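Okay, so here's the structure we're looking at.
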Amino acid sequence: MTQSKLILPVIVISQFCCTSLWFAGNGVISDLVINFNLRDTALGHLTAAVQIGFIVGTLSFAILTIADRISPSKVFFVCAVIGALFNLGIIYEGNSLTSLLLLRFLTGFFLAGIYPVGMKIAADYYKKGLGKSLGILVGALVFGTAFPHLLNNITETLSWKSVLITTSSIAVFGGVLMWTLVPNGPYRKAGKRLNLLAFSQVFRNPEFRSSAFGYFGHMWELYAFWAFVPIMLKNYYAKHPQVDFNISLWSFIIIAVGGLACVLAGYLSQKLGTKRTAFLSLLFSFSCCLMSPLIFSVESDLIFLAFLLFWGMVVIADSPLFSTLVAQNAPDEIKGTALTIVNCIGFSITIVSIQLINGLQTYTDSNSIYSILALGPLLGLISLRKNNKMQAAINN
């Protein structure tokens, strides 16, 4: 069974283009605060709105098993176009905080037909080496997430409205690419009917549960870290006014470097094993969470930036590996639904951690609040460790 060498690059490019919608609001948050008279806490609220929209979207897609009953490439295309339109709506001058929150919510809703569906499409094409393929795919997601920060860095020549127009335009382009160049994969097993019990069925497999719980712990940390990278940089600058670095550019670099980490983790997993590589990445990010309060006192901005770069790598490197484990331990006919369900729960968790950090910022200016993010990786590590012991007992 042959498969075009262009398939994976097209999926990767499409994923990058469309996921740039995710943090488009964060990339121009300073301009939104000024132009729409928003409070500084708008960052947390706008980020949470996207996450809530994604949660509602993934829940809806999962219950209706859309990605398994309908051609996933068509689902991807439709969601890319509609998501781009809602992202574009932010440039309307009559927006208020309420309308901005609604627009970000709706953008998040249709991202549910992009991120997990993109992984479903990759799983339909690749059985062997799925970890490597998803590593490249999630790497594109990471770069797409960071892209608005890069665009915002060049706002001296590109207005904030142009950033939103650009992200919407490339999202439509990505959707068209997927629809026209990526047909249904050779390993796709279409669901023939609505399966309202799929939500509970997938968690009966202990291997699936272990992988899913590891992913949930990872998600507690990931999006809160991404959302507050610019704030961390600003806080360090406030404590060390002698330093001189470009916050937008470094926000992009710190998030984007995680894309490279995903690719490297995918290749590394072929030697160490998918679960072991995910465990190590989660362990490293757990350590970063615990060390984070101390790093703000370091006088060297190079050490501080190097720490955030390392954190930016390990915080995401395990994501494609957990998705691989989830896909491998889910029934073929509901694989898309399984990925969507896990995404739904995972992103629900991000709401709690983002809003927790956002709320704590109003009560304290201590940077020790970021150590709370260690709770997720810790629980994820416990879940993976417990499953390993269970498997060893069964094998003996």
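The values are calculated or read from the model by the stated rules, or taken from the named source; none is laboratory data. From a predicted model like this one, the values you see are computed outputs, not experimental measurements. Methodologically, a virtual Cβ is constructed for each residue, glycine included, from the backbone with ideal geometry; neighbour enumeration extends over all protein chains shown.
Please go through segment 283-301 and pick out each residue that is touching a residue at least 60 places away in the same chain (Cβ under 8 Å) and either more than 28 Å from ILE231 (Cβ to Cβ) or part of a helix (DSSP H, G or I) (or both). Of everything in segment 283-301, those that are touching a residue at least 60 places away in the same chain (Cβ under 8 Å) and either more than 28 Å from ILE231 (Cβ to Cβ) or part of a helix (DSSP H, G or I) (or both) turn out to be LEU283, SER285, PHE286, CYS289, LEU290, SER292, PRO293, ASP301.
Against the test of being farther than 18 Å from ARG209 by Cβ and hydroxyl-bearing (Ser, Thr, Tyr), the options THR364, THR324, THR337 yield a single qualifying residue, THR364.
Taking segment 1-110 and the helices (runs of 4 or more DSSP H) fully enclosed by it, the elements with 3 or more residues that are of a type in the set (A, V, I, L, M, F, W, C) are at 7-19, 29-35, 42-63, 72-88. Just wondering, is there one or more residues in segment 47-70 that are at pLDDT below 85 and farther than 18 Å from ILE341 by Cα? Yes: segment 47-70 contains one or more residues that are at pLDDT below 85 and farther than 18 Å from ILE341 by Cα. Across segment 129-142, the qualifying residues are those that are surrounded by fewer than 24 Cβ atoms within 10 Å (Cβ to Cβ) and farther than 17 Å from ALA330 by Cβ, and the one among them that is modelled with the lowest pLDDT is GLY129.
It is to be established whether one or more residues within segment 265-276 are under 30 Å from SER368 (Cβ atoms), among the β-branched types (Val, Ile, Thr) and assigned to a helix (DSSP H, G or I). The answer is no, given that none of the residues of segment 265-276 is under 30 Å from SER368 (Cβ atoms), among the β-branched types (Val, Ile, Thr) and assigned to a helix (DSSP H, G or I).
The sole residue among ASP40, ASP68 that is of a type in the set (D, E, K, R) and surrounded by fewer than 24 Cβ atoms within 10 Å (Cβ to Cβ) is ASP40.
So that you can scan it fast, the table gives a plain yes or no per residue for (1) under 21 Å from the mean Cα position of the chain (by Cα); (2) touching a residue at least 60 places away in the same chain (Cβ under 8 Å); (3) more than 17 Å from PHE347 (Cβ to Cβ):
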{"position": "GLY27", "(1), (2), (3)": "yes, yes, yes"}
{"position": "ILE34", "(1), (2), (3)": "no, no, yes"}
{"position": "ALA42", "(1), (2), (3)": "yes, no, yes"}
{"position": "THR47", "(1), (2), (3)": "yes, yes, no"}
{"position": "ALA62", "(1), (2), (3)": "yes, yes, no"}
{"position": "SER73", "(1), (2), (3)": "yes, yes, yes"}
{"position": "PHE76", "(1), (2), (3)": "yes, yes, yes"}
{"position": "GLY94", "(1), (2), (3)": "no, no, yes"}
{"position": "PHE109", "(1), (2), (3)": "yes, no, no"}
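Among the residues of segment 302-354, those that are outside any helix (DSSP H, G or I) and at pLDDT below 85 comprise ASN329, ALA330, PRO331. Set side by side, the residues SER73, SER99 differ, and just one is more than 27 Å from ALA212 (Cβ to Cβ) and hydroxyl-bearing (Ser, Thr, Tyr), which is SER99.
Taken over segment 261-281, the residue count meeting the criterion of being surrounded by 17 or more Cβ atoms within 10 Å (Cβ to Cβ) and either within 16 Å of VAL138 (Cα to Cα) or basic (Lys, Arg) (or both) is 12.
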